[in-house]
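Undergrad: One structure is given below, represented as structure tokens, and several questions about it will come after.
The values are calculated or read from the model by the stated rules, or taken from the named source; none is laboratory data. Everything numeric in this text was worked out from a predicted model, so none of it was measured. Methodologically, a virtual Cβ is constructed for each residue, glycine included, from the backbone with ideal geometry; neighbour enumeration extends over all protein chains shown.
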Amino acid sequence: MARRKKIYEGKAKDLFEGPEPGTLVQYFKDDATAFNAEKHDTIDGKGALNNILSEYFMNGLTQIGVPNHFIKRLNMREQLIRSCEIVPLEVIVRNYAAGSMSKRMGIEEGTQLPRPIVEFSYKDDALGDPLVPEEYIIALNWASQQDLDDIISLALRVNDFMSGVMYGVGIKLIDFKIEIGRVWEGDFMRLIVADEISPDSCRLWDIKTGEKLDKDVFRRDLGSLTDAYTEVARRLGVLPGNVANAPKPTIVH
Ligand SMILES: Nc1ncnc2c1ncn2[C@@H]1O[C@H](COP(=O)(O)OP(=O)(O)OP(=O)(O)O)[C@@H](O)[C@H]1O
Ligand SMILES: [Mg+2]
């Protein structure tokens, strides 16, 4: 049987040609990498969990009018997405200090920031995805000032949505990363949320216990990554296998 043409082989996902022009199939793998792929492992169930969680968050964003690439989930590992031209930036939103910010600034992990901070890294593995100022982005023509304003506004809307959804199930959204893509509609270019939103790209801490429920479990060898992601999916009522009639989210007090 003819298999779809693979367009891109990534660290966590593969992209295949979609059934119609302007579409792609995004395949979620079980591979986990950290520290610019220095640490690598295969984690049973991670791909399916991220596929379902990204579907859940992107659908929620669609409901509140935040444009994104998600069209529909095809099966446990694959989703149909709108093809776009990825802006070569990692757009990071931070509500609490953690990870590289804590290291760089000497601020203790978990310190609440006075307001959400949006920052940008240049997506380049060879350079280790370095932090870039807005000046660079505009001068090097990766995005215009208007694009950047739109990207920041999209990122803050995603932040409000994700913070609220997570708060509802007893989880604190520490920070997250999104990618933004360009799509053309006639002569008009639109910026949309692309890639994935999952515990691979967010920091999620249990509100009561501070337990980590994200990729730091893998980065820092804190236990089972599958268990952590399963817990997030369970709280949101989207555990794989139960997707057809998923129960309502459980409120955790
Ligand atoms: N809608 C989309 N259209 C085109 N490309 C996309 C879309 N959504 C995500 N991508 C790209 O697909 C790839 C997904 O694979 P994966 O996340 O595994 O990449 P990666 O190995 O982590 O590399 P990267 O550093 O580029 O993220 C990324 O390069 C991402 O930018
Ligand atoms: Mg990636």
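Undergrad: Need the failing condition index for residue 58 against (1) part of a helix (DSSP H, G or I); (2) away from ligand 2 (no atom under 16 Å from the Cβ); (3) of a type in the set (A, V, I, L, M, F, W, C), just the number.
TA: Only one criterion is unmet by residue 58, namely (2).
For every residue, the table says whether it meets (1) of a type in the set (Val, Ile, Thr); (2) within 16 Å of ligand 1 (Cβ to nearest atom); (3) more than 10 Å from the chain's Cα centre (by Cα).
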{"position": "144", "(1), (2), (3)": "no, no, yes"}
{"position": "154", "(1), (2), (3)": "no, yes, yes"}
{"position": "157", "(1), (2), (3)": "no, no, yes"}
{"position": "162", "(1), (2), (3)": "no, no, yes"}
{"position": "174", "(1), (2), (3)": "yes, no, yes"}
{"position": "186", "(1), (2), (3)": "no, no, yes"}
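Undergrad: Sort through 29, 13, 46 and tell me the only one that's within 10 Å of ligand 1 (Cβ to nearest atom), buried (at least 21 other Cβ atoms within 10 Å of the Cβ) and among the charged types (D, E, K, R).
TA: The match here is 13.
Undergrad: Residues that are within 15 Å of ligand 2 (Cβ to nearest atom) and out of contact with any strand residue (DSSP E or B) (no Cβ under 8 Å at 6 or more places or on another chain): does the range 37-45 have at least one?
TA: Looking through the range 37-45, at least one residue is within 15 Å of ligand 2 (Cβ to nearest atom) and out of contact with any strand residue (DSSP E or B) (no Cβ under 8 Å at 6 or more places or on another chain).
Undergrad: For the range 1-32, what are the residues that are within 12 Å of ligand 2 (Cβ to nearest atom) and either among the small types (Gly, Ala, Ser) or in contact with a helix residue (DSSP H, G or I) (Cβ under 9 Å, 6 or more places away or on another chain) (or both)? Working first, answer last.
TA: Here is the first cut: in the range 1-32, the residues within 12 Å of ligand 2 (Cβ to nearest atom) are 8-15, 26, 28-29, 31-32.
10, 11, 12, 13, 26, 28, 29, 31, 32 - these are the residues of the range 1-32 that are within 12 Å of ligand 2 (Cβ to nearest atom) and either among the small types (Gly, Ala, Ser) or in contact with a helix residue (DSSP H, G or I) (Cβ under 9 Å, 6 or more places away or on another chain) (or both).
Undergrad: Where in the range 76-122 are there strands (runs of 3 or more DSSP E), lying wholly inside it, with at least 2 residues that are not assigned by TED's automatic domain parsing to the domain that holds residue 160? Write out each step before concluding.
TA: Numbers: elements: 78-82, 89-96, 112-122.
Those strands (runs of 3 or more DSSP E) span 78-82.
Undergrad: When the range 187-218 is examined, which residues are found to be in a strand (DSSP E or B), surrounded by fewer than 21 Cβ atoms within 10 Å (Cβ to Cβ) and either within 16 Å of ligand 2 (Cβ to nearest atom) or of a type in the set (A, V, I, L, M, F, W, C) (or both)?
TA: Matches in the range 187-218: 188, 189, 191, 192.
Undergrad: Are any residues in the range 165-180 touching a Ser or Thr at 6+ places or on another chain (Cβ under 8 Å) and surrounded by fewer than 23 Cβ atoms within 10 Å (Cβ to Cβ), and if so, which ones?
TA: Residues satisfying the conditions are 169, 177.
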